[in-house]
1. What does DSSP give for the range 15-90 in terms of the percent of beta bridges that are antiparallel, rounded to the nearest 5?
2. How would you rank 10, 61, going from fewest to most other Cβ atoms within 10 Å of each one's own Cβ?
3. In degrees, nearest 10, range 0 to 90: what is the angle between the Cα axis of helix 115-128 and the longest Cα principal axis of the chain?
4. For the chain, what is the percent of antiparallel DSSP beta bridges, rounded to the nearest 5?
5. Order these by the 10 Å Cβ neighbour count, fewest first: 176, 23, 81.
6. Give the order of 117, 236 when sorted by the count of other beta carbons within 10 angstrom, beginning with the fewest.
7. Relative to the longest principal axis of the chain, what angle (0 to 90°, nearest 10) does the C-alpha long axis of helix 34-45 take?
8. Where does each of 159-168, 202-211, 136-145, 178-187 land if you order them by average Cβ count within 10 Å, highest first?
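Rule-based calculations on the coordinates, nothing more; no lab input. Model, not experiment: these values are computed from the prediction. Note: ideal-geometry Cβ built from the backbone for every residue, glycine included; neighbour counts use all protein chains shown.
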């Protein structure tokens, strides 16, 4: 009989695995930290899973460790919800929560650059991209039944690995998850080329907060994403 081990090196998110069994015969038990519980909410809001089909075992998280360095994992440094938001039972005591106001520091530095400097910065990043789609595969918000890059009949995405196609993929994916990103950092963790994908995601989060007011995706199941709703008082400066 094998042992189930859960320790500070269990970095990977757990929620996305639920999509491997969309029609379970019984309840599926899932261990969830704060980020995992938001991912569960993301999948519920997107109609991918039903809450009654899962049993959530909450685990307060003081920060996971990077197996390569033994230090706090980068994805955990700016975590705003270390405690599970939704759970059926909780293991352990809740940990201290912080709003992490510094999580936009890298975005603020990026915004200081000129348009040409920004383009050069991201061009260098996407020159490294090998389009392995690891970021898409681990992202809870990337849960389309058929991704646009796999739609061969339509041909939205070229198969060449070059800067233009890589940028098209990266920007399309970023806008697809805009307002829905739960800031779990799984995309950046899984990227074998170390692209700073959360800088792009957080730039969009920052812009959405400034345009529509403070919003954290998948914290409240009843609160709909700003870009998924329409109000008469919505800003129209771009029109």
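1. The antiparallel proportion sits near 10 percent.
2. If I rank by nearby Cβ atoms, fewest first, I get 10, 61.
3. 60
4. Counting DSSP beta bridges with both partners in the chain, the antiparallel share is about 10 percent.
5. Fewest to most other Cβ atoms nearby, the residues stand as 23, 176, 81.
6. Numbers: 117 11, 236 6.
In increasing order of surrounding Cβ atoms, one gets 236, 117.
7. Computed tilt is about 80 degrees.
8. Output ranking for 159-168, 202-211, 136-145, 178-187: 178-187, 136-145, 202-211, 159-168.
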